[in-house]
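A short worksheet on the structure shown next.
The values are calculated or read from the model by the stated rules, or taken from the named source; none is laboratory data. A quick note: this is a predicted structure, and the numbers were derived from the prediction, not measured. Virtual Cβ from ideal backbone geometry, glycine too; neighbours counted across all protein chains shown. For accessibility, only protein heavy atoms count, side chains too; no ligands or nucleic acids. Shrake-Rupley method; radii C 1.70, N 1.55, O 1.52, S 1.80 Å.
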Amino acid sequence: MPPNIRNTFQSIQDMITLVQQRGIDPMDSGLETTPTSAISVGVVYDRKLVWSQGFGKRNVTAPNTLAGNQVDENTIYRIGSISKIFAMLAMMKARDKGILSLDDPISKHVPSFSVRPPPHNPTTPGNTGVTFKSLAFHMAGMTRETPCDNQPCQMNDDTAWQRIAQTNQILPPYTMPIYSNLGFEILGHATRIATQSKTYQGMIQQTVLNPLNLSSTGVNMTS
């Protein structure tokens with residue numbers, strides 16, 4: 001590692017140590033509504049992990065003296081919306097294989113897919129413009145969340161598509177960006193159906209995680 005990078009890391013470490021010596025919690029984000037309990041930081045140089053440090057605890061309710069409770073570079077986190085990148089990678093690999101086009105309507109690969117048009121524009125068919133590309137760009141006008149309506153969200157494909165068909169778009173596609181978890185759920189499962197993968201988890205494992213050797217990443221991790 002070049003001396004200038006090594007010196008930078010040493011300066012970072014000195015600042016962190018000083019903050020801790022003054023009794024300041026490095027994890028104190030000041031966000032009382034959504035506090036951060038832990039974070040692991042790593043820097044990769046020339047494909048090698050050259051510096052890492054963990055701040056916070058795996059179990060925030062456990063005593064500080066509990067052995068192994070400090071987070072480090074091997075700690076597994078819930079990665080949340082970063083998983084959207086996995087769905088897009090699977091989609092792009094299917095595109096590269098000629099299985100789908102980014103401009104394909106979702107209904108081309110999922111005939112049971114439909115969505116109600118925006119209430120103020122009822123004459124526009126709801127599935128018009130809902131393509132892989134519009135979903136990937138958050139430009140399909142879909143609502144933010146899955147339509148559970150206080151019902152169980154663990155459902156089979158038929159039930160899921162039926163509930164989506166009862167959901168209204170907020171705006172016509174390509175009107176403006178609307179962040180949508182539902183949109184990416186549609187994109188991911190439409191890609192799964194187009195590629196004839198048995199499960200979404202299996203598709204991600206085969207197309208993304210295995211090729212990148214991400215052995216500590218998965219759809220459902222227990223340890």
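Take the alpha carbon gyration tensor of segment 153-223, find the square roots of its eigenvalues, order them as a ≥ b ≥ c, and report rounded if a/c is under 1.5; if not, report prolate when a/b exceeds b/c, else oblate.
prolate
How far apart, in nanometres, would the label points at residue 97 and residue 9 be if each is projected 7 angstrom from Cα along the Cα-to-Cβ direction?
3.9
For the chain, which whole-number percentage of the solvent-accessible area (1.4 Å probe, protein heavy atoms only) is attributable to carbon and sulfur atoms?
Carbon and sulfur atoms account for 53 percent of the accessible area of the chain.
Using the Kyte-Doolittle scale, which helices in the chain average at least -1.0 and also have C-alpha atoms spread 18 Å or more along the helix axis, with helices defined as whole DSSP H runs?
On the way: long enough: 3-21 (27 Å, -0.35); 83-96 (20 Å, 0.40); 181-194 (20 Å, 0.49).
Flagged H segments are 3-21, 83-96, 181-194.
Per residue, how much accessible surface does the chain expose to a 1.4 Å probe? Answer in Å², no decimals.
Heavy-atom accessible area per residue stands at 64 Å².
Top mean-square fluctuation among 168, 74, 210, Gaussian network model of the chain, C-alpha springs under 10 Å?
74
Grab the beta carbon distance between residue 108 and residue 206, set R0 = 22 Å, and tell me the FRET efficiency rounded to 0.05.
On the way: r = 23 Å, r/R0 = 1.04.
The pair residue 108/residue 206 has a calculated efficiency of 0.45.
To the nearest 20 Debye, how big is the dipole of the chain about its Cα centre, given +1 on the beta carbon of each Lys and Arg and -1 on that of each Asp and Glu?
For the chain, the charge dipole is close to 440 debye.
May I ask you to list the lysines whose Cα is less than 26 Å away from that of residue 97, ignoring any residue fewer than eight positions away on the same chain?
Leaving aside lysines fewer than 8 places away in the same chain, those within reach of residue 97 are 84, 108, 133, 198.
Go through 196, 169, 4 and say which Cα lies farthest out towards the positive end of the charge dipole of the chain; charges sit on Cβ, +1 for Lys and Arg, -1 for Asp and Glu.
Positive-end residue among those listed: 196.
With mean projected area of the Cα convex hull in nm² defined as stated, name the option among (i) 16.8; (ii) 14.0; (iii) 13.2 computed from the structure displayed.
Answer by label: (i).
Of 75, 143, 207, which is farthest along the charge dipole of the chain in the positive direction, counting Lys and Arg as +1 and Asp and Glu as -1 at C-beta?
With unit charges placed on the Cβ atoms, the residue in question is 207.
Taking 0.36 nm per intervening residue step and subtracting the Cα-Cα distance, what contour gain separates residue 83 from residue 22 on full extension? Each step should come with its number before you reach the end.
Values: separation 61, 0.36 × 61 = 21.96 nm, distance 3.71 nm.
Net length gain for the segment: 18.2 nm.
In what order, largest first, do 142, 176, 88 sit by accessible area if the probe radius is 1.4 Å?
176, 88, 142
Report the gain in length on full extension from residue 216 to residue 74: 0.36 nm times residue separation, minus Cα-Cα distance, nm rounded to one decimal.
50.3 nm
Take the Cβ-Cβ distance between residue 196 and residue 49 as r, set R0 to 30 Å, and report the resulting FRET efficiency rounded to the nearest 0.05.
0.20
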